[in-house]
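Below is one structure, written out as structure tokens; comments come after it.
A short reminder: the numbers here are calculations on the coordinates, not readings from a lab. Keep in mind that what you see is a predicted model, and the values were worked out from it rather than measured. Backbone-built Cβ (ideal geometry, glycine too); neighbour counts: all protein chains shown.
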Amino acid sequence: MAEDVMFGFGAMRLDLLDKNDEGSVDNKNYQEMIDYYMKQGFNYFDTSYAYHMGSSEEGLKEFLVKKYPRDSFTIVDKMPTWLLQSEEDNEKYSNEMLERLGVDYFDIFLIHNINEAFLAIAENCKTFEYIQKMKEEGTAKKIGISYHDRADLLEKILEKYGDILDVVQLQLNYLDWESQLTESRKCYEVCEKYDMDVVVMEPIKGGTLFNLPDNIKDEFKAFNPEMSMVEWALRFAATPKNVKVVLSGMNNLEQMKENCEIFKPFEPLNDDEIEFVLSMAEKIKELIAIPCSYCGYCLKECPEGIPIPDYFELYNSEKMYSLPSLYAIYGTTAAVKAPASACTYCESCVEICTQKLEIPDLLEDVADLFE
Ligand code: SF4
Ligand code: SF4
């Protein structure tokens, strides 16, 4: 069982002042969350070049780096793999990130969103060699990858680069643990084999494991009336022994407070609890039509401006709860942004999708339902 698991602040789903502008982070709220989190004795901040179009990093500079001693917090940042076009780009982006954060070193530096396609980009641009150099020169204390693909590819990567890497950031939650698509358990076991520290992302699967139908929540309550849905998800993610950090992408102080309490102190799930939660995962899987994690990476790729995760969330909600209001929300969103049927099947979004979804086909399902 893991011990002393840190609860990490994932600065990727921050509250926005304008819902249509990813960069318009509500900085007052961001600052409050950072102060509260630090005051509770936590100190692990996870950001990336891509989060909130740079506003996530810039907020950390203003509200963390300028206010607290450098050795009192850990900052993790990530190379935007999909933007790399040459070896020189490694330096260009890492320097830009240092500048945005106002620091002269990263505590942990990751190559972002490694999957089969992005591995090829990182290898062509010699990014593994570059981050190794960063570590040797002290610009990064530890290095690693954030990973979104199958376990056999991860095994190949760690066979090749395991000696230089310290950390793998993995999608790990009870719903994906036995998933054939995400292969959370198998990926975790590969990390254990290569003795990698594991940082967990998506422990609540983009909120999916919180927003469950009442009959499912009732079964959880019957098993343990004291434990919330969030606590089930976070404690499951924090239980495997190589897990060192569990990230949560919170957007308000209430969520922050609830999550902090769960890790003060952290208590791993016991065998009965694990068995129960995995049996519930099987029931929940039958209810989720589109297993989107709402990470939003596809949004940057779509030339038509289709709000893909919003539509998948509406579709899933309709399948779970059949609410008439969802049709009105779809109509308004489609009028302001673009309808699902605007998809041209260009497939730009498919490679970057962290859940390997056939987005154009699924948008056709969305259009069939709502249009
Ligand atoms: S395939 Fe459709 S949804 Fe994906 S990027 Fe192209 S237009 Fe956008
Ligand atoms: S469709 Fe894929 S990339 Fe887009 S939000 Fe969902 S999981 Fe993320």
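Once each part is reduced to its C-alpha centroid, what is the distance from the range 13-52 to the range 166-226 in angstrom?
23 Å
Express the relative contact order of the range 297-370 as a whole percentage, based on alpha carbon pairs under 8 Å and six or more residues apart in sequence. Display every interim value, and only then the final one.
Working: 70 pairs, mean separation 30.3, N = 74.
Relative contact order comes out at 41 percent.
Looking only at Cβ-Cβ distances, which cysteines of the chain have no other cysteine closer than 4.7 Å?
Isolated Cys, the chain: C125, C187, C191, C260, C292, C295, C302, C343, C346, C353.
About its Cα centre, how strong a charge dipole does the chain have in debye, to the nearest 20, once Lys and Arg get +1 and Asp and Glu get -1 at the Cβ? Mind showing how you got there, number by number?
On the way: 36 positive and 70 negative charges, 147 e Å.
That gives the chain a dipole magnitude of about 700 debye.
Could you list the square roots of 5 times each eigenvalue of the Cα gyration tensor of the chain, that is, the equivalent ellipsoid semi-axes, sorted largest first and rounded to whole Å? Please list the in-between numbers first.
On the way: eigenvalues 174, 130, 94 Å².
Semi-axes, largest first: 29, 25, 22 Å.
Straight-line reach from K257: which aspartates and glutamates have Cα under 13 Å away, leaving out those fewer than 8 places along the same chain?
Filter leaves E32, D35, E231.
Only Cα pairs within less than 10 Å get springs; with that Gaussian network setup on the chain, which residue of A335, A237, A140 has the largest fluctuation?
A335
I want to verify a result. In a Gaussian network model of the chain, Cα cutoff 10 Å, which of these has the top mean-square fluctuation: V246, V76, V199?
Among V246, V76, V199, the largest mean-square fluctuation in the Gaussian network model of the chain belongs to V76.
Using helices alone, I'd like the mean residue ellipticity at 222 nm for the chain: each DSSP H run of four-plus residues gives -39500 (n - 2.57), total over residue count, nearest 500. Walk me through the intermediate numbers first.
Values: 14 runs with 157 residues, N = 371.
Roughly -13000 deg cm²/dmol at 222 nm, from the helical runs in the chain.
Which GluC sites (Glu not before Pro) in the range 157-189 pass both tests, a DSSP loop state and at most 16 other beta-carbon atoms within 10 Å?
For GluC sites (Glu not before Pro) across the range 157-189 that sit outside H, G, I, E and B with at most 16 neighbouring Cβ atoms in 10 Å, the list reads E178.
Hey, in the GNM for the chain with a 10 angstrom Cα cutoff, which one of K241, K67, K141 fluctuates hardest?
Ranking K241, K67, K141 by mean-square fluctuation puts K67 first.
Strictly over 24 Å apart at the Cα level, which of K78/K217; K78/K205; K217/K319; K205/K244; K193/K244 would you flag in this model?
Distance filter (> 24 Å) returns K78/K217.
Quickly rank 289-296, 259-266, 200-207 as a protection proxy: mean count of other C-beta atoms within 10 Å, highest first.
Details: 289-296: 20.8, 259-266: 16.8, 200-207: 24.6.
Descending packing order for the listed peptides: 200-207, 289-296, 259-266.
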